[in-house]
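Trainee: I'd like to ask some things about the structure below.
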Amino acid sequence: MIRFNNVHKAFGENEVLRGFTLDVNEGETVVIIGFSGTGKSVAIKHLVGLLEPDQGSVHVDGVEVGALTRRELYALRAKIGYVFQFAALFDSLTIAENIAMGLHKQGHLTEEEIPERVREALALVDLDESVGSKLPAELSGGMRKRVGIARAIALRPKYLLYDEPTTGLDPVTSAIIDDLMLRMQRQLGVTGIVITHDMRSAYRVGTRIAMLYEGTVRQVGTVEEIRQSHDPIVRQFIEGRAELGPIDAPEDTATVTPPVTRAAAPSA
Ligand SMILES: Nc1ncnc2c1ncn2[C@@H]1O[C@H](COP(=O)(O)OP(=O)(O)O)[C@@H](O)[C@H]1O
Ligand SMILES: [Mg+2]
């Protein structure tokens, strides 16, 4: 279980989270909605220790994230998969190498077992094994997104965090990604947090929806409760979505430079 309790987080004068409280129960997929720049990404970064609260606490399975040693934090991160807005794949590594990277780092599998796990992860997102030998640039945006999910699921996490998984995708591709998120929840029992601007996606994948506004949870409820909300801010968000384009956070880039050289990277 994930528990944000009265989390405050400021960057200088910018008080982003001002008493953010939210529980995510096992087996749920909680969708976080909210206007651009309200702190949705900031909130979930607390779960993997990328940020620490100024006040309040974040617990994962009863353990306070901010109190962990470096080593304990690594153990926690093994439970939490993170799917970024853009797949953030290493552009000089093949898809299989991208997926295998975390497995090598985790060190649970032998060299022989890794390719099998990579195949399994690709199959879970309906990608053919042959995709493994391609480079990220050879894939469409939607396929890269699937690879991002495959890479996270390959580590068999208990939790999956999706930051804007359908932003920038056409409706058909978005629906495919929604289906994959549902599959992760229903077939694999993964507990999820999905940040999205896409209300269609929120309604499809959410077991509950929480709206972040001015640093706190404005409303949290079932899909029906949010759909029928009488809160003027929630309504404004839901109804205004069409006018607002996709938001690109500065740290989210389509590809990133690998920390290892091509030669040092694991071969597919
Ligand atoms: N590492 C950081 N340093 C300073 N400001 C940050 C940092 N990360 C996020 N912010 C600021 O926090 C606010 C919330 O950002 P973010 O969580 O990315 O919004 P969103 O709800 O769109 O995901 C923004 O004003 C952003 O500029
Ligand atoms: Mg964001």
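Trainee: In the range 209-239, what residues are in contact (Cβ under 8 Å) with a residue 24 or more places away in the chain and acidic (Asp, Glu)?
Mentor: Matches in the range 209-239: Glu214 only.
Trainee: Take the conditions of a type outside the set (A, V, I, L, M), within 16 Å of ligand 1 (Cβ to nearest atom), modelled with pLDDT under 95 and farther than 26 Å from Val58 by Cα and apply them to Thr166. Does it pass?
Mentor: Numbers: of a type outside the set (A, V, I, L, M): yes; within 16 Å of ligand 1 (Cβ to nearest atom): yes; modelled with pLDDT under 95: yes; farther than 26 Å from Val58 by Cα: yes.
For Thr166, the condition - of a type outside the set (A, V, I, L, M), within 16 Å of ligand 1 (Cβ to nearest atom), modelled with pLDDT under 95 and farther than 26 Å from Val58 by Cα - is met.
Trainee: Confirm whether Asn5 is part of a helix (DSSP H, G or I), surrounded by 15 or more Cβ atoms within 10 Å (Cβ to Cβ) and of a type outside the set (A, V, I, L, M, F, W, C).
Mentor: Values: part of a helix (DSSP H, G or I): no; surrounded by 15 or more Cβ atoms within 10 Å (Cβ to Cβ): yes; of a type outside the set (A, V, I, L, M, F, W, C): yes.
It is false that Asn5 is part of a helix (DSSP H, G or I), surrounded by 15 or more Cβ atoms within 10 Å (Cβ to Cβ) and of a type outside the set (A, V, I, L, M, F, W, C).
Trainee: Here is a list: Thr29, Thr38, Thr21. Which entry is crowded, with 16+ Cβ neighbours inside 10 Å, within 19 Å of Arg218 (Cα to Cα), more than 15 Å from the chain's Cα centre (by Cα) and hydroxyl-bearing (Ser, Thr, Tyr)? Before you say what the answer is, go through the steps one by one.
Mentor: Numbers: Thr29 fails: more than 15 Å from the chain's Cα centre (by Cα); Thr21 fails: crowded, with 16+ Cβ neighbours inside 10 Å.
The conditions single out Thr38.
Trainee: While we're on this one: Hey, could you check the range 120-141 for residues that are surrounded by 18 or more Cβ atoms within 10 Å (Cβ to Cβ) and not hydrophobic (A, V, I, L, M, F, W, C) and say which is farthest from Gln185 (Cα to Cα)? Steps first, please.
Mentor: Looking only at the range 120-141, we keep the residues that are surrounded by 18 or more Cβ atoms within 10 Å (Cβ to Cβ), and these are 121-122, 124-125, 127, 131-132, 136, 139.
This time we only want the ones that are not hydrophobic (A, V, I, L, M, F, W, C), so: 132, 136.
Values: Gly132: 24, Pro136: 26 Å.
The qualifying residue farthest from Gln185 (Cα to Cα) is Pro136.
Trainee: I need the full set of residues from the range 18-49 which are within 24 Å of Arg227 (Cβ to Cβ) and in a strand (DSSP E or B), in order please.
Mentor: First pass over the range 18-49, keeping only residues within 24 Å of Arg227 (Cβ to Cβ): 20-25, 27-36, 38-40, 43-44.
Matches in the range 18-49: Phe20, Thr21, Leu22, Asp23, Val24, Thr29, Val30, Val31, Ile32, Ile33.
The values are calculated or read from the model by the stated rules, or taken from the named source; none is laboratory data. The model shown is predicted, which means the values in this text are computed figures rather than measured ones. Reconstructed Cβ throughout: ideal geometry from the backbone, glycine too, with neighbour counts over all protein chains shown.
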